[in-house]
Amino acid sequence: MRRVVKAVVMGASWGGLNAFSTILAALPARFPAAVLLVQHQHASADNRLAWLLSRYSTLPVRAPEDKEEILPGHVYVAPPGYHMLVNEDDTVALSTYRPVHFSRPSIDELFFSAGHAYGAALVGVLLTGANDDGSDGLDYIRRRGGHTLVQSPQSSEAPVMPEAAIIKGAAREVLDLERIGSYLADYLVGL
């Protein structure tokens, strides 16, 4: 059964490249929602993550510009040194506001803004990582009626981030990494 979902937001830190590429490879070309990704990166990192992830996805993958329209079936990757936020008018906002959990981009910042903008029409996914960024934002998505997934700590390169979300009670589903992409496809497309 197809769900009405406008966006999927995902966050990762340590091990994120592998986690994101595994999930994106499983999403079909007709995936109906926008996908917004935050990977913890140092501000001086080059902006190659979107290019690397595009090699695994049938969906267009890009680092967005400020005020860019969020389109279904597209993947947006937070650029290094910027928080990526979702505006209520379905556009991206890039911010240099202070780091959150020592990170800019911050997973919590994306999750809070997307949860506010989309409410129940949002899926939040928290993946591998070595701190607790994302657990508060994922819980906010859950409380706003969105669907929340967490990568199982056993399948994570760094289990601290998923464990923090599970302890907080933010996860409606806990799945091994290899199951998340097909779960999202089934949940949104009904394959």
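The values are calculated or read from the model by the stated rules, or taken from the named source; none is laboratory data. On a predicted model such as this, the values are computed, not experimentally measured, just so you know. Here the Cβ is made from the backbone with ideal geometry for all residues, glycine too, and neighbour counts use every protein chain on show. To get the accessible areas, we keep the full protein, side chains included, count just its heavy atoms, and leave off ligands, DNA and RNA. Shrake-Rupley method; radii C 1.70, N 1.55, O 1.52, S 1.80 Å.
Whole number please: convex hull volume per residue of the Cα set in the stretch 151-191, in Å³? Before the final figure, lay out each step's value.
Values: hull volume 2.4 nm³, N = 41.
Convex hull of Cα atoms, per residue: 58 Å³.
Give the accessible area for TYR187 in Å² (nearest 10); use a 1.4 Å probe, count only protein heavy atoms, and leave out ligands, DNA and RNA.
40
Counting DSSP beta bridges in the chain, what percent are antiparallel, to the nearest 5? Walk me through the intermediate numbers first.
On the way: 6 of 29 bridges.
Here the antiparallel bridges make up roughly 20 percent for the chain.
Be a star and scan the stretch 51-83 for residues whose amide nitrogen sits under 13 Å from the point 7 Å along the Cα-to-Cβ vector of ALA29.
57-60
With r as the distance between the Cβ atoms of ASP90 and LEU17 and R0 = 30 Å, compute the FRET efficiency 1/(1 + (r/R0)^6) and round to 0.05.
It comes to 0.65.
Can you tell me the dipole magnitude for the stretch 67-191 around its Cα centre, using point charges on the Cβ only (Lys, Arg +1; Asp, Glu -1), in Debye to the nearest 20? Display every interim value, and only then the final one.
Working: 9 positive and 17 negative charges, 43 e Å.
Around 200 debye, computed over the stretch 67-191.
Using a 1.4 angstrom probe, figure out how much accessible area the stretch 36-191 has per residue, in square angstrom, rounded to the nearest whole. Please list the in-between numbers first.
Working: 6680 Å² over 156 residues.
Per-residue value: 43 Å².
Of the accessible area of the chain, with the probe set at 1.4 angstrom, what percent is carbon plus sulfur? Walk me through the numbers on the way to the answer.
Working: 4130 of 8160 Å².
Carbon and sulfur together cover 51 percent of it.
Between ASN18, VAL150, ALA185, whose Cα lies farthest towards the positive end of the dipole of the chain when Lys and Arg beta carbons carry +1 and Asp and Glu beta carbons carry -1, centred on the Cα centre?
Checked the options; the winner is ALA185.
Given an 8 Å cut-off on Cα distances and at least 6 residues of separation, report the relative contact order of the stretch 1-95 as a percent.
Details: 175 pairs, mean separation 26.9, N = 95.
For the stretch 1-95, the relative contact order is 28 percent.
Quick one: grab Rg to one decimal and Dmax as a whole number for the chain, Cα atoms only, in Å.
14.4, 43
For ARG172 and GLN154 in one chain, what is 0.36 nm times their gap in residues minus the Cα-Cα distance, to one decimal in nm? Please list the in-between numbers first.
On the way: separation 18, 0.36 × 18 = 6.48 nm, distance 1.71 nm.
Value of the extension gain: 4.8 nm.
Taking each pair of different alpha-carbon atoms in the stretch 55-139 once, compute 1/r for the pair, average those values, and report the inverse of that mean as the Kirkwood hydrodynamic radius in Å to one decimal. Walk me through the numbers before you get to the answer.
Details: mean 1/r = 0.0748 Å⁻¹.
Here the Kirkwood hydrodynamic radius works out to 13.4 Å.
Can you give the percent of C-alpha pairs in the stretch 88-191 whose distance is more than 23 Å?
Working: 1354 of 5356 pairs.
Distances greater than 23 Å cover 25 percent of the Cα pairs.
Just how many % of Cα pairs in the stretch 1-86 lie over 16 Å apart, if you round to the nearest whole percent?
Values: 1798 of 3655 pairs.
Summing the P(r) of the stretch 1-86 above 16 Å gives 49 percent of all pairs.
How do the peptides 122-132, 8-18, 26-36 rank, highest first, by the average count of neighbouring beta carbon atoms within 10 Å per residue?
Numbers: 122-132: 26.0, 8-18: 24.1, 26-36: 19.8.
Output ranking for 122-132, 8-18, 26-36: 122-132, 8-18, 26-36.
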